[in-house]
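Below: one structure, written as structure tokens.
Every number in this text was worked out from the coordinates using simple rules, so none of it is lab data. Because the structure is a prediction, the values reported are computed rather than measured. Every residue, glycine as well, gets a Cβ built from its backbone with ideal geometry; the counts of neighbours run over all protein chains shown.
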Amino acid sequence: MMNKHAKSPCCWAPVRRYGQRRRQCRQCHQTWSVRKKKRGRDRKRLWPETLVKYFNGDFVSLAREAKRRRLHESSLRRRLRQTATQLVTHPRWPTPRPGPIIVLADAIVKRIRGRWYSGYFVAMKGVTETTATLLPPVILPDRESHRGWQRVLNSIPDQLWRKVVATVSDGHRGIVDYAHATKVKVQRCQAHLLMAIEGRRSTSQWSRHRPEGQQLRTLAKIIFQTQEATELVRTLATVEELGWQTKSVQLKKIISGFLSAVGEYRTCLNYPELNIPATNNALESFISQWQELAHRAHGFASVSAWQIWLTAFAKTKKKITCNGFHPQN
């Protein structure tokens, strides 16, 4: 329809020009603008660069940064919160590259308003890649559980999980059972075992059980690295004997669990072509950065706030460095 045939929205009568930017109804003489403006005050611009600096810890404090920008601290917090919410809802998540995939999985637990919640983290690394792509973190009520991990891993699309060849975790039963059910190799974190031994038999110079701790640590590293069957059998026998002799009930459980799943601590050694990381330190480092941010933010008042900031933090990082198999020092 040509402009000369246009009708007014009020009376559906002929329209005539009323200046350069307005039109008028010939019947009731009402006028309106041709290019209507959005009503209300202008929307404040978002600050993605400032949010990244906040995540990286470039600010000494928000109060000092707000003073430098000549803003109130609450205004700066509100602007950062709006930017984080916008980041969560709009840009898409990066997707892993095609090919065989190694899954890294870990979780943290937090108490909010008198109730426990768990944050589940999953990252995917290609066999030939040196970085792992983060998936959206999942927050579920209660502590880390078998049911929680089953729910998180089931949410991964089937076409993506079919490419998974191995999982790297701290050995939580939910992750291990899901990997066994889907015929995926399991690599238990070697660093978690060494820290568990260190927690019961410290190698500190002031520890009463330092010789026992040093011996167990040395034997565990031999088991992680040796490729000789006779040396492996001999070392396992020594560790089993130390488990019988120790007086610590907790250490007995740690050694018993280690001996029952010793093959899953050596998956990275038995399949060198897959370049499986021996530890879950890459994901642990990411979680440590997040916990440091939560400490600087003085916690979160609600679960929804925790979800928004955690998702925005993971989406900003996108990838974590993960170099594959390296023997433990």
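Data overview
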| read-out | value |
| --- | --- |
| Cα Rg, Dmax (largest Cα-Cα span) when computed across the chain, Å | 29.0, 103 |
| Scattering profile of the range 230-329 at q = 0.10 Å⁻¹ [log10 I(q)/I(0), Debye over alpha-carbon scatterers] | -0.51 |
| Sequence of 8, 61 once ranked by neighbouring C-beta atoms within 10 Å, starting from the fewest | 61, 8 |
| Which of 236, 119, 258, positive extreme of dipole for the chain (C-beta unit charges) | 119 |
| Positive-end residue of 140, 169, 155, charge dipole of the range 103-170 with Cβ unit charges | 140 |
| Cα lying deepest toward the dipole's positive end in the chain, options 59, 281, 294, charges on Cβ | 59 |
| Along the chain, longest interval not containing exposed chymotrypsin sites (Phe, Trp or Tyr not before Pro), exposed being DSSP loop plus at most 11 other Cβ atoms within 10 Å | 13-205 |
| Between 0 and 90°, nearest 10: helix 303-317 axis offset from the chain longest Cα axis | 80 |
| Amide H partners (placed H, <5 Å) of residue 13, local residues excluded | 8 |
| Degrees separating the helix 249-260 axis from the principal Cα axis of the chain, which is the longest one | 90 |
| Calculated from backbone phi, Karplus (6.51, -1.76, 1.60) coupling profile of the range 184-201 in Hz, x at Gly/Pro | 10, 5, 10, 10, 7, 5, 6, 5, 5, 5, 5, 5, 5, 5, 4, x, 9, 9 |
| For the range 44-150, average projected area of the Cα convex hull in nm² | 9.6 |
| HN-Hα J in Hz across the range 275-287 - Karplus 6.51, -1.76, 1.60, θ = phi - 60°, x for Gly and Pro | 6, 7, x, 7, 10, 9, 5, 4, 6, 4, 5, 4, 5 |
| Rg(Cα)/(2.2 N^0.38 Å) for the range 48-89, N = residue count | 1.10 |
| Charge dipole magnitude, Cβ of K and R +1, D and E -1 - the chain, Cα centre, debye nearest 20 | 3860 |
| Within-14-Å neighbourhood charge of residue 240 [Cβ basis; K, R +1; D, E -1] | +2 |
| Tilt relative to the chain, helix 210-225 - C-alpha long axis, 0 to 90 degrees, to 10 | 70 |
| Sparse-neighbourhood loop sites, trypsin sites (Lys or Arg not before Pro) in the range 79-112 - DSSP loop, at most 10 other Cβ within 10 angstrom | 92 |
| Ascending count of other beta-carbon atoms within 10 Å, so fewest first, for 131, 89 | 89, 131 |
| Sorted largest first, extent of the range 164-270 alpha carbons per principal axis (Å) | 45, 30, 22 |
| Amide proton proximity set for residue 138, modelled H, under 5 Å, gap of 5+ | 120 |
| Cβ-placed point charges (K, R +1; D, E -1), dipole of the range 178-293 about Cα centre in debye, nearest 20 | 360 |
